[in-house]
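Here is the structure we will look at.
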Amino acid sequence: MLAEFGQFALILSFAIALFQMVIGLLPLMQHADKHNMLGAITNRAAVLQAILLALSFVILLLLFASSDFSLKIIVEHSHSQKPLFYKLAATWGNHEGSILLFSLIISLLGACLSLFGGKLDIKFLSTTLAIQAMLAVAILGFIIFTSNPFERLNIVPIEGNNLNPLLQDWALAVHPPLLYLGYVGLSIPFSFAIAALLTEKADEEWAKWVRPWTLFAWACLTGGIALGSYWAYYELGWGGFWFWDPVENASLMPWLATTALLHSAIVMEKRGALGSWTILLAIVAFGLSLLGTFLVRSGILTSVHAFAVDPERGTVILAILFYFMAGGLSLYAFKSGHIKQRGVFAPISREGALLLNNLILSVMLVTVFVGTLYPLFIDAIGASKLSVGAPFFNQTFIPLAVPLLILLPIGNMLPWKKADFLVAMKKLIWVFLLAFATMLMFLYLTGHRDILAWAAVLLGVWLVFGAVWEILYSARFGQIEWHLALRRLFNLRRAKFAVMLAHMGVGVLVLGLAAMSAWRVQNIQEMTVGDKMSIAGFELEFDNVQNQTASNYNEIVGNFTLSKDGVNLGNLATAKRRYLKRSSPTTEVGLYNHYFGQIYIAFGVLGENNKVQLRAYYNPLVLFIWLGPLLMMLGGFLSLTDRRGRKVNRAALKQQAQHV
Amino acid sequence: MTRKQQRFTFIIVGLALLGLATGLILTAMEDGISFFKTPTEILTEKTDSQKRSRIGGLVMDNSVKHQGSLLKFDITDNQSELKVEYEGVVPDLFKEGQGVVLEGYLSQDKIFLADSLLAKHDENYMPKEVADSLKAQGHWQEGDTKAEVQKVSE
């Protein structure tokens, strides 16, 4: 009964989305005096549609929580003996549920826009909501006609199939919703862009509206990608954190586009330039997130992360992708001529720096795109089957990323309109010297002699110090008396600190990557109880082996004692787990944090005669790899809380317009 | 600086960057790409051991041997058998009868030296290339992956 109710709410939500789409588009054709009425209807429809869809999703959650095995997807993906948290997480651990979540986020964001978008021009708002509804109609139609999550089974089994054990993990339970918030969060900038083209409103004010939504999507995307990477690191037991796998690339591409969009929207908002480019980026960024969804869902690419794969349904996602991209881009081709371009600037200027940032990010995006889709293209024309591996991406991505990162702190120092490169460099000379000194200290401590590692550490420190210096410079440290500067520092806008956090995060990430590629130590050894292994100055002693049983798995646990220079640091355990209902085992790794590095141990093959293979790694500064993105995400959210810059100063805009 | 000059400058910079990227992509294609082959294909064609390949097949029964950290096994496409040596992380799902995808080089004495071994998270999952080549030989039926679901619902 509950399931039917859920399905009913789903269908009703679809119908209302259809209605919202039609009514929302009417103001484009109608006279202005009808706009308020039509806009109000669209607004309410958006809220109602989201509530119904949320109801449907909550019902699905309840059904999963109560393990209702009359539903097909619950049988396929859940199990009564599983902890409640993972029963709930199983709701989006499958194709139907995850697509439902996808459409729910589209609708919720639309509802948020209609509730908090009161300041927006009514015609523009209702057009945006109509586009948002169009997306909802496409995805909901897809669910209702091909992937009904509420499908019943005729014969009800007493037990379910269980969720893939690798997915029974907190990081992976949170990762898909966060990533989806990022992917789908980009639907709002997309709808904004389409509405801007339809209503011919692409100006500074538009950029001001679109920025917080982009920021939100970007922060979620950053967090989602980092969480996925951390999951792969400790759950797959391979010790790696990024494999340049198609599914990873699928999330990296929209991230690159959104990062570019975030920066170009600043230029558009502050200077009225790059409007046309920003609109294009907003369209493309969402296209890439749909492409990402398609690649992951269709299983068309060989990937280590292929979950919930279904090629036929993939085709429908491809059709949706085509419709919105073809529509969006042709609209852009016809209408982008109307976008006003103001704010002429010299190549060496803040605008120029941000544009260069955009160009480099786009080119990086192109290389990832080519590397990810090239095998697909070659396969499609029937030439041969091939795969593009990590070396390709390392050789194309890194040489482009390095100049971008070197220039980042310098670009931050450039004033708008016209700047002098040498003057900016002069302001940074102390930052550079300090970074250089830190690098030397680093090298003295580690005694490593690899020139590339030196350069990478220098780059990371340069970014971190550069970010800190930028905010100190804004507070005018070194120009006015320090206590005045300190007061200025406290009065600076939160958005300034947000920028610092995000850019610092990039530096921290670079440091983590540098340390991991230069100083990582690995040791594989066959051991029996009582054996010792030494790694990077640490000593691991194999204490014992235990068999343990939990509610939904059995495991063989190996306990180890970690010590350094005779000092006991604690116990570490690694295990081979066998989940009920699934035949293949999984590996649980043991981790010990040593400052920002980690000792990482994992069982390899369990051999005969009580011999086990143990893989141990010393991963220096590995936590920086996720701390960096965490800082970026925090920066994003901090910037969202800064409302000071968001209130549109209409008087100032009018004045500006008169001057132009 | 006029708007025309501005646009011209940026187009030049953009094109230069794109050219750079093309160059990078083309050089990286040299050794960043590996072609997918079946055991039969790699054994019959003229060997070019410098070229990286990607091999897919089923792990043969009773062929898996561990020698210290070295893993030895045979894979098959039901036509030819290929000896494989691999050193590194063995995925949990690796077992006899399982479909795997390997990357590496063929040695002079026809042993495939793999540096990457891929078996999927999902035990129902068959690497696409393997499925395609098995399909081509009629060893694969649509719906095989759904067997487990059917068992439960029956």
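The values are calculated or read from the model by the stated rules, or taken from the named source; none is laboratory data. Being a predicted model, the structure only gives us computed values, none of them experimental. As a convention, Cβ positions derive from the backbone with ideal geometry for all residues, glycine included, and neighbour counts pool all protein chains shown.
List, please: which pairs have Cβ atoms under 7 Å, are six or more places apart or on different chains, and start with a residue in segment A:2-13 that is assigned to a helix (DSSP H, G or I) and end with one that is among the aromatic types (Phe, Trp, Tyr)?
Correct list of pairs: A:3/A:150; A:6/A:150; A:7/A:150.
Quick one: is residue B:65 in the same structural domain as residue B:114 (by TED's automatic domain parsing), touching a residue at least 12 places away in the same chain (Cβ under 8 Å) and not aromatic (Phe, Trp, Tyr)?
In short, no.
Any residue in segment A:213-224 that is surrounded by fewer than 24 Cβ atoms within 10 Å (Cβ to Cβ) and within 13 Å of chain B (Cβ to nearest Cβ)?
no
Kindly evaluate residue A:463 against the criterion of being surrounded by fewer than 14 Cβ atoms within 10 Å (Cβ to Cβ) and either basic (Lys, Arg) or assigned to a helix (DSSP H, G or I) (or both). First the steps, then the outcome.
Working: surrounded by fewer than 14 Cβ atoms within 10 Å (Cβ to Cβ): no; either basic (Lys, Arg) or assigned to a helix (DSSP H, G or I) (or both): yes.
Answer is no for this residue.
Quick one: what pairs do we get from segment A:206-222, first residue assigned to a helix (DSSP H, G or I), second of a type in the set (Lys, Arg), C-beta under 7 Å, 6+ apart or different chains?
From residues that are assigned to a helix (DSSP H, G or I), the pairs are A:208/A:646; A:212/A:646.
Do you know which residues across segment A:45-97 are small (Gly, Ala, Ser), in contact with a Lys or Arg (Cβ under 8 Å, 6 or more places away or on another chain), crowded, with 18+ Cβ neighbours inside 10 Å and more than 14 Å from chain B (Cβ to nearest Cβ)?
Taking segment A:45-97 as the starting set, the residues that turn out to be small (Gly, Ala, Ser) are A:45-46, A:50, A:54, A:56, A:65-67, A:70, A:78, A:80, A:89-90, A:93, A:97.
Among the residues that remain, those that are also in contact with a Lys or Arg (Cβ under 8 Å, 6 or more places away or on another chain) are: A:65, A:67, A:70, A:78, A:90.
Next cut, crowded, with 18+ Cβ neighbours inside 10 Å only: A:67, A:78, A:90.
Passing the criteria: only A:90.
To keep it simple, each residue is scored yes or no on (1) surrounded by 22 or more Cβ atoms within 10 Å (Cβ to Cβ); (2) under 28 Å from the mean Cα position of the chain (by Cα); (3) without any contact (Cβ under 8 Å) to a residue 24 or more places away in the chain.
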| position | (1), (2), (3) |
| --- | --- |
| A:109 | yes, yes, no |
| A:118 | no, no, yes |
| A:133 | yes, yes, no |
| A:152 | no, no, no |
| A:159 | no, no, no |
| A:169 | no, yes, no |
| A:179 | yes, yes, no |
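Could you count how many residues in segment A:360-381 are of a type outside the set (Val, Ile, Thr) and touching a Gly at 6+ places or on another chain (Cβ under 9 Å)?
2
Quick one: count up the residues across segment A:451-464 that are over 18 Å from residue A:504 (Cβ atoms) and out of contact with any Phe, Trp or Tyr (no Cβ under 9 Å at 6 or more places or on another chain). Walk me through how you get there before you give the answer.
Kept after step one, since they are over 18 Å from residue A:504 (Cβ atoms), are these residues of segment A:451-464: A:451-455.
So of that shortlist, the ones also out of contact with any Phe, Trp or Tyr (no Cβ under 9 Å at 6 or more places or on another chain) come out as A:451-452, A:455.
Of the residues in that region, 3 qualify.
Return the residues of segment B:76-102 that are crowded, with 20+ Cβ neighbours inside 10 Å and touching a helix residue (DSSP H, G or I) at 6+ places or on another chain (Cβ under 6 Å); say none if nothing qualifies.
B:77, B:82, B:99, listed by residue number.
Would you point out which residue out of A:361, A:373 is more than 8 Å from every other protein chain (Cβ to nearest Cβ), within 19 Å of residue A:244 (Cα to Cα), out of contact with any Pro (no Cβ under 7 Å at 6 or more places or on another chain) and free of Cβ contacts under 8 Å to residues at least 12 places away in the same chain? Break it down stepwise before answering.
On the way: A:361 fails: free of Cβ contacts under 8 Å to residues at least 12 places away in the same chain.
A:373 is the lone residue from the list that is more than 8 Å from every other protein chain (Cβ to nearest Cβ), within 19 Å of residue A:244 (Cα to Cα), out of contact with any Pro (no Cβ under 7 Å at 6 or more places or on another chain) and free of Cβ contacts under 8 Å to residues at least 12 places away in the same chain.
Working carefully through the options A:433, A:422, find the one that is part of a helix (DSSP H, G or I), under 16 Å from residue A:463 (Cα atoms) and of a type in the set (A, V, I, L, M). Break it down into steps so the answer makes sense when it comes.
Numbers: A:422 fails: under 16 Å from residue A:463 (Cα atoms).
When all the criteria are applied, what remains is A:433.
Starting from residues that are more than 10 Å from chain B (Cβ to nearest Cβ), in a helix (DSSP H, G or I) and touching a residue at least 60 places away in the same chain (Cβ under 8 Å), keep the ones in segment A:384-419 and report whichever is surrounded by the most Cβ atoms within 10 Å (Cβ to Cβ).
Among residues in segment A:384-419 that are more than 10 Å from chain B (Cβ to nearest Cβ), in a helix (DSSP H, G or I) and touching a residue at least 60 places away in the same chain (Cβ under 8 Å), the one surrounded by the most Cβ atoms within 10 Å (Cβ to Cβ) is A:409.
Taking the options A:609, A:568, A:593, name whichever one is surrounded by fewer than 19 Cβ atoms within 10 Å (Cβ to Cβ), in a loop (DSSP other than H, G, I, E, B) and assigned by TED's automatic domain parsing to the domain that holds residue A:528. Talk me through it step by step, then tell me what you get.
Numbers: A:568 fails: in a loop (DSSP other than H, G, I, E, B); A:593 fails: in a loop (DSSP other than H, G, I, E, B).
Of A:609, A:568, A:593, the one residue that is surrounded by fewer than 19 Cβ atoms within 10 Å (Cβ to Cβ), in a loop (DSSP other than H, G, I, E, B) and assigned by TED's automatic domain parsing to the domain that holds residue A:528 is A:609.
Of the residues B:93, B:20, only one is on the phi < 0 side of the Ramachandran plot, in a loop (DSSP other than H, G, I, E, B) and facing another protein chain (nearest Cβ under 10 Å); which?
On the way: B:20 fails: in a loop (DSSP other than H, G, I, E, B).
Matching residue, one of B:93, B:20: B:93.
Hey, does segment B:58-81 have a residue that's within 9 Å of chain A (Cβ to nearest Cβ) and hydroxyl-bearing (Ser, Thr, Tyr)? Break it down into steps so the answer makes sense when it comes.
As a first pass, look at segment B:58-81 and keep what is within 9 Å of chain A (Cβ to nearest Cβ): B:66, B:68-69, B:71.
If we keep only those that are hydroxyl-bearing (Ser, Thr, Tyr) too, we end up with B:69.
Checked against the condition, which is being within 9 Å of chain A (Cβ to nearest Cβ) and hydroxyl-bearing (Ser, Thr, Tyr), segment B:58-81 yields at least one hit.
Residue-wise test of (1) in the same structural domain as residue A:295 (by TED's automatic domain parsing); (2) among the β-branched types (Val, Ile, Thr).
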position: A:330; (1), (2): yes, no
position: A:342; (1), (2): yes, no
position: A:345; (1), (2): yes, no
position: A:351; (1), (2): yes, no
position: A:366; (1), (2): no, yes
position: A:374; (1), (2): no, no
position: A:378; (1), (2): no, yes
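Can you name the residue in segment A:546-562 that is surrounded by fewer than 16 Cβ atoms within 10 Å (Cβ to Cβ) and part of a strand (DSSP E or B) and, of all such residues, is nearest to the other protein chains (Cβ to nearest Cβ)? Write out each step before concluding.
Keep residues of segment A:546-562 that are surrounded by fewer than 16 Cβ atoms within 10 Å (Cβ to Cβ), which gives A:546-551, A:554, A:561.
Adding the requirement that they be part of a strand (DSSP E or B) leaves A:546-549, A:554, A:561.
Details: A:546: 19, A:547: 18, A:548: 17, A:549: 19, A:554: 14, A:561: 23 Å.
The residue in question is A:554.
Please find, among A:216, A:192, the residue that is within 17 Å of residue A:136 (Cβ to Cβ) and of a type outside the set (Val, Ile, Thr).
On the way: A:216 fails: within 17 Å of residue A:136 (Cβ to Cβ).
After applying the criteria, what remains is A:192.
Would you call residue A:381 at pLDDT below 95, more than 26 Å from residue A:517 (Cβ to Cβ), more than 10 Å from every other protein chain (Cβ to nearest Cβ) and surrounded by 20 or more Cβ atoms within 10 Å (Cβ to Cβ)? Even if it seems obvious, please write down each step before you answer.
Numbers: at pLDDT below 95: yes; more than 26 Å from residue A:517 (Cβ to Cβ): yes; more than 10 Å from every other protein chain (Cβ to nearest Cβ): yes; surrounded by 20 or more Cβ atoms within 10 Å (Cβ to Cβ): no.
No, not satisfied.
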